[in-house]
Ligand SMILES: Nc1ncnc2c1ncn2[C@@H]1O[C@H](COP(=O)(O)OP(=O)(O)OP(=O)(O)O)[C@@H](O)[C@H]1O
C-alpha cells in the first residue's frame, strides 16, 4: 500500500516554481519523498551544475549566516532611543516643552539627537570593522556539484554565502548547517539547535523517505535541519531548500535581533537604574523645596530639569563603542585575535574564571601511542590492532571527513590495515557516550560478525561481562596508567550472529574486555608560564575535560597547577545546581565531562557571581561556549565553534588568551574610569546645586549654563576612549560592581560637592555687594565646575600613570582644554549671552586655594580607595 502511494506521488506533477526570494518548495509541508523534493528543486542526487548554481545565486542572493546579518541604521536608531537614559532625557525634554521652556527643551532634544547620531554612527562603524574582521574567518560548506550536465559530480568547499536552493550538501561533525535542508541520508546525526530553540542538548535527526506527522515546533521535524544549527556528531547528505532571508531562522528572528545579556550589561543596568531613579526624583524635589523655601512656582522647572539632565552620562554609548572598537582593531592588528562580538571584549576584561579543555591547551594535541596492554597489564599488540580496525572502519563507514587525534594516532601506530576483516557497520564516536563501535566481518567466516568497541575505560567496562572484583581491578590498572599522565582507550569485543539490519547502541553489551591503548601527549610549551601569568592577573583557571581524572590531574601537576580534589561529572550530577556552584568554585579540575556537564559547570560558576570565559575547540565544547560570558576558540576550530565563539585566537595558546584578556581590561578599564569620573562629578554638581538652590534667593546656575557645562564635560570625556590605562588597571579583572561603584561615586561626589560649596563661600565673599552679583556668581561657579572636573579627570585617572613616567595622554589634554574653557568662556564674548559676568581677581586667588585643597583631598581619598580595592 505504502509503495503504491509512493509510486503515485512519484508520478504526481511537480509543483510550479515560486517567485524569487521564496523557497523553491515548502521544505516539509508537501510531504514529498526525497526524490520528489529533489526534482521539485530542479536538482538531483548528483547536485546542481556550476552554471545553474551561479544563476540561482544571482536570483536568490547571498546566503548570509544569522550571526553575520547586518543591523540596519533605522533599527539601530530605534534601539538607541530605547536606551533608558535617552528615554528619561526625552521625557524631560517633553516636560520642558509643555511648560514652554523652549530653550531647555531645545538643548535637551539636541543632546539626545547628537548622542543618538554619534552612537548610531559609532556602532555602525564598529560593526563594519567587526564584519571585516569576521571576513577573515571564512565559513565554508561542502557542496556536491557538476562542472556540466554530463560531468561526474564532485564535492567541493564553497563559501557559505554561495550555497543556493537545490544544492546537495555534505555535513560532518562541527559543520554549520549552511541553510535550511532536508536530509537525504544520515548516519548517527545529531545537531545543536541552541541558537534556534535555546535547547543545549543535541537533537537526533534522520532521513525519512516519506515525511509523516512531525512533532510540534518549527524546528522539530526530524528529517529537516536548519540554518543556525550545527552538527554535533554523525554525518549526512542533504538538499538545500531555503537560503538567506528565506530560512526559518531568519523568519523567526526578523522581528528583532536577540542580544545576549552580558556581564557588562548586568553591571551597567544596575547602575543606570539607580541613576534614573535619582534623575526622576530630582525635579519634584527641587520644585517642592523651591516652593517651600522661596515661594517659587513652576518657573523653577527648567532648572530642575537641567539638574536632572546634568546627571546623565550621555556619552556612555559612544565611549563604550569607541573604546571597544579600538581595542578590537588593535588586538586583530597586533595579535591576530578576532573579536566577533564587541561587548565580549569588555567582558573579557572582567573574566575572573577561565575554563579550559585540556587537550591542545595544556597539551599539544599530538597524541602518540605509547603502549597496548592486555587485561593483566602485559604488552599485547593485538589490542592495538582491534583499536585500529575500529578507528579505520568508523572513519570510512560513518563518512567522517577526518579522524580525531586519538584515532589518527592509533592508525599511525598500527600502520598497515590491508588484509584485516571488513567493516560492515559503524557507530561513530560521540562525546556523550565516549564510545565508538565497528562491526567487522572476517572474509570466509560466514554467519558471525565481530563487534569492536573502544572508548573511555568506565564506559567500556560498563558494557563488559565482569564481576565487581574484576571491574575494580581493571579500573585500578587504568588509574595507575592515567596517574603517569597517559591518555587511555579501552578496547572490548564480542562475537555476534551476522545480520542484515541496523546495529544500534543496544548491541554494545555483553562484551569481552581486551585491554588498553595508552597515549602520551607532550605539554604545550607556553602553558606553564601562561598559567602563572593568568594567576598573577587574578584569573582562576579551571580544567573541564572529558578525560580520565588521573590523566587530567597529572597534566596539571606537570604544569605547576595544583589539581586539588578532582570532581568527576558523575559526582557533579549528584549535586543540585545550588550545591554545584560552591563546589565548582573550590575545584580546579573537572574530569569525564560531557558537553552538557561543561555547560552546567560554567553556568554554576556564573551563578556564583563569576565572569566566566571558556576556551574550547571541539563540538563537545559548544554548549559551554554558549553558556560562558565569553567564548574563546582557536582559529582552526570547526566552523560551528568559530561561529559561536566571541573571540577567535590565532592559535590555541594560553599566552594568546592572556593577551586578549589584557586588551579587554584595557578597553573595560577605560570605560570604568569614564563612568566613575563622569558620574562622581555629575553627582557632586547635582548635590551642590540642590544645596545652594535651597540657600540662594536666585538659581545657582541657569538651565542654559547647566546644559553648556554638560556639553563641555561630554566632549572632554570622549578622551577616555583613547586613553592607555595604568598598569594597576590591567592587574585585576575590570569589574563594575554596582554597590562598590555607587559607593565610589557618592563618596567622590560628596567631596566634589564640598568643593562647590566652599566656592559658594568664596563667591559670597568676593562678589558680595558687587553690582552684578548674580552674573558674577554664575560665572564663578561655571569656572569652578569645569576646573574641578578637569582636576578629577587628572587625579582619578592619572595617579600611578604619572608614577609610571608616561607622557601626558588624551585625558590630560582634554582636561587641560576643559580648564581653559572654564576660565576663558565667561570672559569671552559668549559670557554675556550666557548671563555670566566678570569676577574680581581675588576670586581667582581664593579659587586656586580651594582647588589645591580639593586636589589634596582627592589624592588622599583616591589612595585610600585604591588600598581598599586592592585588599578587597
Ligand atoms: N575516537 C575515539 N574513539 C573512542 N573513544 C574516544 C575517542 N576519542 C576520545 N575517546 C574517549 O573519550 C574520552 C573523552 O574524550 P574527548 O575527546 O571527548 O575529551 P575532551 O573533553 O575533548 O578532552 P579534552 O578536555 O582533553 O580536550 C577520552 O578520554 C577517550 O577515552
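The values are calculated or read from the model by the stated rules, or taken from the named source; none is laboratory data. Just so we're clear, the structure is a prediction, and the values are computed from it rather than from any experiment. Every residue, glycine as well, gets a Cβ built from its backbone with ideal geometry; the counts of neighbours run over all protein chains shown.
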(request) Report the residue count in the stretch 536-564 for those that are within 11 Å of the ligand (Cβ to nearest atom) and touching a strand residue (DSSP E or B) at 6+ places or on another chain (Cβ under 7 Å). (result) 9
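Any residue that is surrounded by fewer than 19 Cβ atoms within 10 Å (Cβ to Cβ) and assigned to a helix (DSSP H, G or I) - is there at least one of those in the stretch 537-555? Break it down into steps so the answer makes sense when it comes.
Applying the first criterion (surrounded by fewer than 19 Cβ atoms within 10 Å (Cβ to Cβ)) to the stretch 537-555 yields 537-538, 540, 554.
Right, trim to assigned to a helix (DSSP H, G or I) and you get 554.
For the stretch 537-555, residues surrounded by fewer than 19 Cβ atoms within 10 Å (Cβ to Cβ) and assigned to a helix (DSSP H, G or I): present.
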(request) Have a look at 604, 599 and point out the one that is assigned to a helix (DSSP H, G or I), away from the ligand (no atom under 15 Å from the Cβ), touching a helix residue (DSSP H, G or I) at 6+ places or on another chain (Cβ under 8 Å) and modelled with pLDDT of 90 or more. (result) 604
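Select from the stretch 73-85 the residues that are within 11 Å of residue 276 (Cβ to Cβ) and assigned to a helix (DSSP H, G or I) and write down the one among them that is farthest from the chain's Cα centre (by Cα).
85
In the stretch 614-640, what residues are surrounded by fewer than 24 Cβ atoms within 10 Å (Cβ to Cβ) and in contact (Cβ under 8 Å) with a residue 40 or more places away in the chain? Write out each step before concluding.
The first filter runs over the stretch 614-640 and keeps only residues surrounded by fewer than 24 Cβ atoms within 10 Å (Cβ to Cβ), leaving 618, 626-627, 634-636, 638-639.
618, 626, 627, 634, 635, 638, 639 - these are the residues of the stretch 614-640 that are surrounded by fewer than 24 Cβ atoms within 10 Å (Cβ to Cβ) and in contact (Cβ under 8 Å) with a residue 40 or more places away in the chain.
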(message) Looking only at residues that are more than 14 Å from the ligand (Cβ to nearest atom), touching a strand residue (DSSP E or B) at 6+ places or on another chain (Cβ under 8 Å) and over 17 Å from residue 394 (Cα atoms) in the stretch 483-508, which one is modelled with the lowest pLDDT?
(response) 499
(message) Exactly one condition in (1) in contact with a strand residue (DSSP E or B) (Cβ under 9 Å, 6 or more places away or on another chain); (2) in contact (Cβ under 8 Å) with a residue 12 or more places away in the chain; (3) over 20 Å from residue 614 (Cα atoms) is false for residue 317; which is it?
(response) (1)
(message) Looking at the stretch 575-589, can you tell me whether even one residue there is within 12 Å of the ligand (Cβ to nearest atom), surrounded by 14 or more Cβ atoms within 10 Å (Cβ to Cβ) and part of a loop (DSSP other than H, G, I, E, B)?
(response) no
(message) Among the residues in the stretch 510-520, are any within 15 Å of the ligand (Cβ to nearest atom), on the phi > 0 side of the Ramachandran plot and crowded, with 21+ Cβ neighbours inside 10 Å?
(response) yes
(request) Select from the stretch 361-398 the residues that are more than 21 Å from the chain's Cα centre (by Cα) and under 30 Å from residue 538 (Cβ atoms) and write down the one among them that is surrounded by the most Cβ atoms within 10 Å (Cβ to Cβ). (result) 362
(request) Those residues that are touching a strand residue (DSSP E or B) at 6+ places or on another chain (Cβ under 6 Å), farther than 12 Å from residue 139 by Cα and part of a loop (DSSP other than H, G, I, E, B), I need them from the stretch 630-652; list them, please. (result) 645, 646, 651, 652
(request) Kindly indicate which of 571, 636, 651 is away from the ligand (no atom under 12 Å from the Cβ) and at pLDDT 90 or above. (result) 571
(message) Anything in the stretch 833-849 that is assigned to a helix (DSSP H, G or I), surrounded by fewer than 20 Cβ atoms within 10 Å (Cβ to Cβ) and either in contact with a strand residue (DSSP E or B) (Cβ under 8 Å, 6 or more places away or on another chain) or touching a residue at least 40 places away in the same chain (Cβ under 8 Å) (or both)? List them, or say none.
(response) 834, 842, 846
(request) May I ask you to say which residue of 412, 422 is surrounded by fewer than 19 Cβ atoms within 10 Å (Cβ to Cβ), within 14 Å of the ligand (Cβ to nearest atom) and over 34 Å from the mean Cα position of the chain (by Cα)? (result) 412
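How about the stretch 443-482: which of its residues are assigned to a loop (DSSP other than H, G, I, E, B) and either buried (at least 23 other Cβ atoms within 10 Å of the Cβ) or within 14 Å of the ligand (Cβ to nearest atom) (or both)?
First pass over the stretch 443-482, keeping only residues assigned to a loop (DSSP other than H, G, I, E, B): 443-447, 456, 463, 465-467.
456, 463, listed by residue number.
Please note which helices (runs of 4 or more DSSP H) are completely contained in the stretch 292-408 and include at least 3 residues that are over 30 Å from residue 428 (Cα atoms), away from the ligand (no atom under 16 Å from the Cβ) and out of contact with any helix residue (DSSP H, G or I) (no Cβ under 6 Å at 6 or more places or on another chain).
Values: elements: 301-310, 316-335, 343-350, 381-397.
Those helices (runs of 4 or more DSSP H) span 316-335.
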(request) Test residue 786 against the criterion of being under 42 Å from the mean Cα position of the chain (by Cα), at pLDDT 90 or above and under 17 Å from residue 702 (Cβ atoms), and give yes or no. (result) yes
(message) If residue 621 satisfies all but one of (1) away from the ligand (no atom under 16 Å from the Cβ); (2) out of contact with any helix residue (DSSP H, G or I) (no Cβ under 6 Å at 6 or more places or on another chain); (3) in a helix (DSSP H, G or I), what's the number of the condition it fails?
(response) (1)
(request) Could you grab me the full set of residues in the stretch 521-535 that are within 16 Å of the ligand (Cβ to nearest atom) and in contact with a helix residue (DSSP H, G or I) (Cβ under 9 Å, 6 or more places away or on another chain)? (result) 521, 523, 524, 527, 531
(message) Can you tell me which condition residue 641 does not meet? The list is (1) over 18 Å from the mean Cα position of the chain (by Cα); (2) within 16 Å of the ligand (Cβ to nearest atom), and all the others hold.
(response) (1)
(request) Among what's in the stretch 590-606 and is surrounded by fewer than 22 Cβ atoms within 10 Å (Cβ to Cβ) and either within 23 Å of residue 364 (Cα to Cα) or touching a residue at least 40 places away in the same chain (Cβ under 8 Å) (or both), pick the residue that is farthest from the chain's Cα centre (by Cα). (result) 594
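Among the residues of the stretch 208-216, is any modelled with pLDDT of 85 or more, surrounded by fewer than 19 Cβ atoms within 10 Å (Cβ to Cβ), part of a loop (DSSP other than H, G, I, E, B) and out of contact with any helix residue (DSSP H, G or I) (no Cβ under 7 Å at 6 or more places or on another chain)? Before the answer, list the steps.
Kept after step one, since they are modelled with pLDDT of 85 or more, are these residues of the stretch 208-216: none.
No, every residue in the stretch 208-216 fails to be modelled with pLDDT of 85 or more, surrounded by fewer than 19 Cβ atoms within 10 Å (Cβ to Cβ), part of a loop (DSSP other than H, G, I, E, B) and out of contact with any helix residue (DSSP H, G or I) (no Cβ under 7 Å at 6 or more places or on another chain).
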